[in-house]
Structures are given as structure tokens and as C-alpha cells.
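The values are calculated or read from the model by the stated rules, or taken from the named source; none is laboratory data. The shown structure was predicted, so the numbers you read here are calculated from the model rather than taken from an experiment. Every residue, glycine as well, gets a Cβ built from its backbone with ideal geometry; the counts of neighbours run over all protein chains shown.
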């Protein structure tokens with residue numbers, strides 16, 4: 001009897017021990033849908049992280065994040081400025097497809113992302129996600145275009161760029177109001193101190209995660225920095241030798257570290273997908289951001305205007321310490337997250353991104369060649385990349401306007417800085433890529449959907 005009791009007790013203790021372990025593992029790597037955080041900085045250049053070549057300052061927290069997943073050398077946004085880039089991220093489509101491909105929206109604009117568009121947030125919400133948008137929106141400041149009407153349960157942020165704070169548009173004699181800060185549909189502040197917005201947006205992100213950690217969550221954190229005018233808190237002022245710009249990047253890095261640390265403390269990190277990227281290339285200003293060795297800046301269809309840092313981690317599913325040179329874009333995020341979460345893509349509406357679910361789980365594999373089209377701020381297509389080749393057919397910004405722009409072909413594998421035009425050596429490549437541009441833009445124009453507009 002005693003022997004049987006002892007055996008039963010031992011077996012019971014073993015079962016309890018195993019159960020306790022599985023409970024902890026379930027918290028870290030649960031088989032339920034992963035949490036998702038997309039961090040979208042503003043005007044951060046390709047070389048504005050130390051893991052991408054920055055030497056004037058360090059970004060240890062983002063570097064560490066990159067080492068825990070995949071760091072992409074060829075990660076793109078399909079636009080050179082704010083509004084179209086954000087439209088592409090949230091719809092998986094070229095900005096022209098949703099009518100937001102020309103320039104950016106302003107505080108007097110009567111257009112925005114159409115409520116008829118099916119956004120990433122709506123897709124995730126439909127499969128049980130709690131959704132939050134924190135930071136900069138810039139897809140229309142009229143109520144019907146704002147985040148709470150585009151699939152986000154919660155919004156804490158600003159409706160457009162920080163440089164539109166009390167700005168006088170002389171050409172139409174319009175004075176914009178002090179930058180509004182919203183919580184959901186209510187304006188809670190006017191002209192907030194921008195020195196503290198990086199921290200406040202991070203605080204709001206952490207609080208949202210803390211309050212919603214018991215079910216899958218999606219947080220779209222769109223920082224307003226390092227868009228000019230630059231602002232940094234006193235804690236980070238003078239922290240780097242690169243002036244205000246370096247201080248701003250250092251503060252962004254530290255706040256990314258805060259989010260990662262919180263996820264780890266709560267046992268959420270292993271089952272959280274984190275995407276870190278920027279909306280376009282760096283602004284050309286004093287102590288400016290860097291895109292080297294790439295050519296060009298924000299607003300330009302040279303590589304420096306659209307190739308940006310791109311990091312994706314999901315510790316329980318994606319291998320660590322991978323550097324991939326496959327071409328990936330922000331448009332790929334929506335179909336990829338749909339495949340991962342069981343979300344449904346919009347019926348009857350074309351999107352342009354690709355499902356990378358299987359690639360991310362085996363990121364040393366190769367993706368099929370995929371053309372990327374570069375649209376300028378005037379809405380016109382100026383270039384295409386296919387494999388190592390990039391063809392430019394026009395240039396509205398970033399070239400001497402007094403000269404005719406020559407059709408230019410670059411071998412990005414051997415000429416990343418787009419310095420040697422080899423069009424005369426490869427006329428068949430020029431012809432092939434030019435035809436791709438013509439046919440794609442023709443089809444895209446035909447399929448383009450209507451932009452949202454206030455009647």
C-alpha cells in the first residue's frame with residue numbers, strides 16, 4: 001500500500017511539474033495567433049542604424065532586435081514620401097492603386113484613404129485581433145479617414161506630419177492649426193511638446209499591450225521622428241557626437257528597447273512578430289540622415305529614396321541572425337500576415353504584395369524574381385527593378401532639370417550607388433524593362449480605385 005502510494009505521489013508530482021513547464025512555454029510560444037507590432041519611423045535612412053552601417057552613433061537595441069530575426073539588405077517602400085508609403089503598408093498595394101500616389105496630404109486636404117479600402121487593421125480585427133494605431137497617421141485628417149474608421153480600435157497620435165504644426169501655406173493663404181494630438185476621435189491637446197512624443201508614443205504602446213495581452217494584439221507604431229523639425233527629450237540631448245539627428249535616433253533606439261524588454265518581461269516576446277522599418281529615405285538637411293552607399297534621398301526614386309532598413313523577427317518561428325538580400329517590400333506584409341493569422345484578403349480587389357510566410361520560416365531560401373516599380377512624388381512611374389537590373393526612364397527630382405534625363409540602366413549587384421549607366425551595353429534589358437513599366441502602369445491605371453473624398 002505504501003509502495004503504491006509512493007509511486008502515485010511521484011507520478012503526480014512529475015505530471016504537475018510537466019504541466020507547470022508547459023504553461024510557461026504556452027505563454028512564450030503559444031500556438032495561438034502571434035501578436036504583431038509594426039514600427040514605422042519617419043524619414044529614417046538606409047544607413048541610419050549601426051547594423052546598416054552608421055558609425056557616428058550606435059543603435060544597440062535595434063541591432064539586437066535584428067540579430068534575433070531577419071535583417072534585409074534589399075527592403076523597400078513603394079513611395080518616396082509619407083502619405084503614399086503609409087497607404088501601401090496598410091493596404092498591400094501600390095499607392096496609385098488606392099489613389100494616394102501624388103505628393104502628401106496636408107491639413108487643408110479633403111481627401112484620404114477611402115473607407116472602402118480593406119486595411120491590414122481591418123483584416124486582423126476580423127480574425128480576433130485587438131488593434132491600435134499609435135503615432136503619425138497621415139492618411140487623411142477628416143473624421144471618416146482617421147484610424148478609428150479604418151480598423152483600429154484605439155488611436156493615440158497626430159493626424160499628419162510634425163512640420164505641419166502651425167504652418168503657413170502661402171500659395172493658398174492657409175494657416176494650419178497647432179499640431180493636434182488625438183486619443184481615439186477626441187483631440188486632447190493642441191501643439192504638444194514634440195520633444196516628448198517619442199517617449200509618449202512608446203508609453204502608449206506599452207500600456208496598450210499591458211491592457212490587451214490576454215488576446216492577440218496588433219500595434220502599428222508610427223513615430224514622427226526623425227522627420228524635421230527634429231526634437232529630442234532632455235535625457236538624450238547631446239548624447240551622441242552626431243548632433244541632434246544622432247540624439248533623435250538614439251532616443252528611438254532606446255524606446256524600441258523598452259518595448260522589447262516589456263514583451264520579454266511579460267512572456268510575450270517569443271510569439272510576437274516585430275517589423276521595424278521606415279516610410280522612405282532620409283531628408284536632405286544639416287546633420288542629415290544617411291543612405292550611403294545608396295544614391296539619393298527622400299522624394300527621389302534613386303535607391304536612397306526607397307530602400308530602407310527592414311527587420312522582421314518572430315523568435316518562436318523565424319530563425320535568428322539571418323541577413324537576406326532578397327527583395328522585399330512593405331506591401332508584402334499584409335498578405336504575409338493574412339497567411340500567418342488566417343486573415344482574408346479583400347475579395348475583388350487586387351493587391352500587389354506577396355505572401356512571405358514560408359520564406360520567413362526559411363529565410364536562406366530564394367524568392368522568385370519580382371519587379372518593383374518606383375513611383376515619383378508627382379505620381380508618375382520613373383523606374384523598375386528586376387533582379388540585379390534597375391531601369392530609370394524619367395526623373396522629376398534628383399536630376400538637373402535643365403538637362404534631358406537619359407534612359408539609364410544600372411547593375412545594382414555591382415553598382416549599388418547607381419553611378420555607371422550601362423544602357424548602351426544591354427539594349428535588350430532596357431527594352432524588356434521598359435515594356436514591363438509600360439504594361440504594368442497601364443494595367444494599374446485601369447484597376448486604380450477611388451480615393452476617399454469629402455463631398
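Could you please give the count of residues in the range 295-313 that are under 18 Å from residue 377 (Cβ atoms) and either in contact with a helix residue (DSSP H, G or I) (Cβ under 6 Å, 6 or more places away or on another chain) or buried (at least 24 other Cβ atoms within 10 Å of the Cβ) (or both)? If you could, list the steps in order and put the result at the bottom.
Here is the first cut: in the range 295-313, the residues under 18 Å from residue 377 (Cβ atoms) are 295-308.
Filter again for either in contact with a helix residue (DSSP H, G or I) (Cβ under 6 Å, 6 or more places away or on another chain) or buried (at least 24 other Cβ atoms within 10 Å of the Cβ) (or both), leaving 295-298, 300-308.
Total satisfying the criteria: 13.
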Review point. Which of the residues spanning the range 344-361 are more than 11 Å from residue 92 (Cβ to Cβ) and touching a residue at least 40 places away in the same chain (Cβ under 8 Å)?
Key: 344, 360, 361
Practice item. Would you mention how many residues in the range 126-151 are within 23 Å of residue 196 (Cβ to Cβ) and buried (at least 24 other Cβ atoms within 10 Å of the Cβ)? Key: 8
Check your understanding: Any chance the range 414-435 includes a residue that's part of a helix (DSSP H, G or I), under 28 Å from the mean Cα position of the chain (by Cα), buried (at least 16 other Cβ atoms within 10 Å of the Cβ) and modelled with pLDDT of 95 or more?
Key -> yes
Exercise for review: Restrict the check to the range 211-224 and report whether at least one residue is under 22 Å from residue 166 (Cα atoms), outside any loop (DSSP other than H, G, I, E, B) and in contact (Cβ under 8 Å) with a residue 40 or more places away in the chain.
Suggested key: yes
Exercise for review: Restrict the check to the range 64-86 and report whether at least one residue is under 19 Å from residue 246 (Cβ atoms) and without any contact (Cβ under 8 Å) to a residue 40 or more places away in the chain.
Suggested key: no
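Residues of the range 378-400 being over 25 Å from residue 105 (Cα atoms) and either in a loop (DSSP other than H, G, I, E, B) or touching a helix residue (DSSP H, G or I) at 6+ places or on another chain (Cβ under 7 Å) (or both), which ones?
At the first step, the residues of the range 378-400 found to be over 25 Å from residue 105 (Cα atoms) are 384-393, 400.
Matches in the range 378-400: 384, 386, 387, 388, 389, 391, 393, 400.
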Review point. Considering the range 314-349 alone, what residues qualify as being surrounded by 24 or more Cβ atoms within 10 Å (Cβ to Cβ) and in a strand (DSSP E or B)?
Key: 328, 329
Point to revise | Of all residues making up the range 238-256, the number that are touching a helix residue (DSSP H, G or I) at 6+ places or on another chain (Cβ under 6 Å) and assigned to a loop (DSSP other than H, G, I, E, B) | key: 2
Check your understanding: Can we say residue 284 is out of contact with any strand residue (DSSP E or B) (no Cβ under 8 Å at 6 or more places or on another chain), surrounded by fewer than 19 Cβ atoms within 10 Å (Cβ to Cβ) and touching a residue at least 40 places away in the same chain (Cβ under 8 Å)?
Key -> no
Check your understanding: Quick one: what pairs do we get from the range 169-190, first residue exposed (fewer than 11 other Cβ atoms within 10 Å of the Cβ), second assigned to a loop (DSSP other than H, G, I, E, B), C-beta under 9 Å, 6+ apart or different chains?
Key -> 172/108
Point to revise | Tally of residues being crowded, with 17+ Cβ neighbours inside 10 Å and within 26 Å of residue 160 (Cβ to Cβ) across the range 228-244 | key: 7
Study note, to complete from the structure: Matching residues in the range 88-108 (part of a loop (DSSP other than H, G, I, E, B) and touching a helix residue (DSSP H, G or I) at 6+ places or on another chain (Cβ under 9 Å)) number 12
Practice item. Would you check which residues across the range 355-375 are touching a helix residue (DSSP H, G or I) at 6+ places or on another chain (Cβ under 9 Å) and crowded, with 18+ Cβ neighbours inside 10 Å and list them? Key: 356, 359, 360, 372, 373, 374, 375
Review point. Considering only the range 441-455, how many residues are touching a residue at least 24 places away in the same chain (Cβ under 8 Å) and either exposed (fewer than 15 other Cβ atoms within 10 Å of the Cβ) or touching a strand residue (DSSP E or B) at 6+ places or on another chain (Cβ under 6 Å) (or both)?
Key: 8
